[in-house]
Amino acid sequence: MIFLKNGEGIRWPQGKRVAVMLTFDFDADLLRQSVIGKKDIGFSDRSRGLYGPHEGLARCLAMLKRQQLRCTFFVPGKIAEDYPAEVRAIAADGHELAYHGYAHDARIGIPEEEEEENLRKSEALLTEISGEKVVGYRAPLDGMQEYSLSQLRKRGYLYSSTLKDCDWAYVHEDDGAETPVVELPTEPGIDDFSYFYFSYADEKTITCSYPAGYVYDIWKDYFDELASEGDKVMVLKLHPQLIGRTSRIRMLERLVLYMKQNGAWITTCREAAQYVLDDWKRRKGGRA
C-alpha cells in the first residue's frame, strides 16, 4: 500500500487558502453505546444522545441555512431507519449523506461478509432518502478494518474521512487501482467529542465540558495555521448532540464567519474529494 500526499502544493478553487469541511456524525445514542461498550447505557446517557435528533440537529441545520453552507453528514443506517424524518430534513437542505456503519459498530475485526451487508443496507437506506449514490465513508469511532479500502474501491466510493496521518488530503494508491480512494484526514483536536462529550456511565472516557469560547480559540488557531500553509484541509468532526447546544452552535457560527472572511473554501467532503482526485489525475498526466 502506497499513497501520494498530493495535498502538497495543491491550490484550492478561487485562490482559497484552505479547504474546510464541517462534517456531522449524526449517530444519536448509538455513539454512546459504542463508547461505553454496551447497549444498555441507562436512560440518562441515552437522553444525552437523543438530544441530537430531538433538538441539536435542527439547530445545526438552521445555522447552516443561515450561512448558506452545504456540508456532509455521516449517518449510520440504523439512524436512517429510526429517524427517517430527521435524515430527510438533512437531505432536503442539500447536504451530503455518507456511510458511518449500520449500527455504529466500532469493533475491530468485524467479519468482512457482515460489513458488506452493513454497507448494502445502509447505502440503500441513504440513497432512498437522498436520491444520490453514497460515495463517502467514516468508520465508527475510527475503527477502520483491514479490508475497508478494498471494499470502498469495489463499491465505487470516492473518499474516506477516518485516518489521522497528516493535514493533507491524499489519494490511496494500490497497484494501479482504477477507482482510487481519496483520504480526507481528521484530527481529535478539531473534534467536538474531545471537548464536549460527557457521561456519568462511561469509565473509559474522560468526562468533560469545556467552555465554548475556550474551544473557539483552539479551533481558530488550527484554522489560522493551516490556512497559512496554503495546501491543507481542515475537517471538523461534529455531533449534533454535542455541538448543537445553544452556546456551542453560536461559537461554531462565529468560527464559520471568521473562516469565510479569511480565505476558507467551505464545502462538502464529496466536492473536496473530487477536486483532490481531479488534481491527482492531472499531476499524473492521465496515467491514473
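The values are calculated or read from the model by the stated rules, or taken from the named source; none is laboratory data. As the structure is a prediction and not an experimental result, all values here were calculated from the model. Heads up, the Cβs are rebuilt from the backbone with ideal geometry, glycines too, and the neighbour counts pull from every protein chain shown. When the accessible area is computed, the model is the full protein with side chains, heavy atoms only, and any ligands, DNA or RNA have been set aside. Shrake-Rupley method; radii C 1.70, N 1.55, O 1.52, S 1.80 Å.
With the simple model of a label 7 Å out from the Cα in the direction of the Cβ, Tyr210 to His54 spans 2.7 nm.
Compare Glu113, Glu271, Glu183 in a GNM of the chain, Cα atoms joined below 10 Å, and give the one with the largest fluctuation. Maximum among the listed residues: Glu113.
Put simply, the amide H of Val18, placed in the peptide plane, has neighbours under 5 Å in Trp265, leaving out anything fewer than 5 places away on its chain.
May I ask for the percentage of alpha-carbon pairs in the range 48-105 that lie more than 13 Å from each other?
Details: 1015 of 1653 pairs.
Within the range 48-105, distances greater than 13 Å cover 61 percent of Cα pairs.
Average projection, convex hull of the Cα set of the range 150-258: 9.1 square nanometres. Note on surface exposure: Tyr83, Tyr275 rank Tyr275, Tyr83 by accessible area, highest first, 1.4 Å probe. Each residue of the range 49-207 gets 140 Å³ once the volume of the Cα convex hull is shared out per residue. Rounded to the nearest 5, the antiparallel percentage of DSSP beta bridges internal to the chain is 20%. When both bridge partners sit in the range 135-266, DSSP labels roughly 40% of those beta bridges antiparallel.
Connecting C-alpha atoms closer than 10 Å in a GNM of the chain, tell me which of Ser199, Ser247, Ser161 has the biggest fluctuation. With Cα springs under 10 Å in the chain, the top fluctuation among Ser199, Ser247, Ser161 is at Ser247.
Entry comment: accessible area of the chain is 43 Å² per residue, from protein heavy atoms only and a probe of 1.4 Å.
Could you compute the FRET efficiency for Asp278 and Asp142, with r as their C-beta to C-beta distance and R0 at 25 Å, rounded to 0.05? Don't jump to the answer; show the numbers that get you there.
Details: r = 27 Å, r/R0 = 1.08.
With R0 = 25 Å, the Cβ-Cβ based efficiency is 0.40.
Under 5 Å between amide hydrogens, built in the peptide plane, is the criterion, and for Phe24 it picks out Thr72, Phe73, Phe74, Leu238 among residues at least 5 positions away or on other chains.
If packing is taken as the mean number of other Cβ atoms within 10 Å per residue, what is the order of 9-19, 26-36, 185-195, 134-144, highest first?
Values: 9-19: 16.4, 26-36: 24.0, 185-195: 18.5, 134-144: 20.9.
Those peptides, ordered most packed to least, come out 26-36, 134-144, 185-195, 9-19.
Projecting label points 7 angstrom from Cα along Cα→Cβ for Phe198 and Gln14 puts them 3.8 nm apart. Taking label points 7 Å from Cα along the Cα-to-Cβ direction, Gln261 and Asp217 give a separation of 1.9 nm.
Checking the a/c ratio against 1.5 first, then a/b against b/c, what shape does the Cα gyration tensor give for the chain? Since a/c reaches 1.5 but b/c is at least a/b, the shape of the chain is classed as oblate.
Measure off, as a whole percent, the carbon and sulfur share of the 1.4 Å-probe accessible area of the range 115-214, all protein chains present. Don't jump to the answer; show the numbers that get you there.
On the way: 2240 of 4390 Å².
Carbon with sulfur: 51 percent of the solvent-accessible area.
Rounded to whole Å, the principal axis extents of the Cα atoms in the range 90-153 read 35, 20, 20, largest first.
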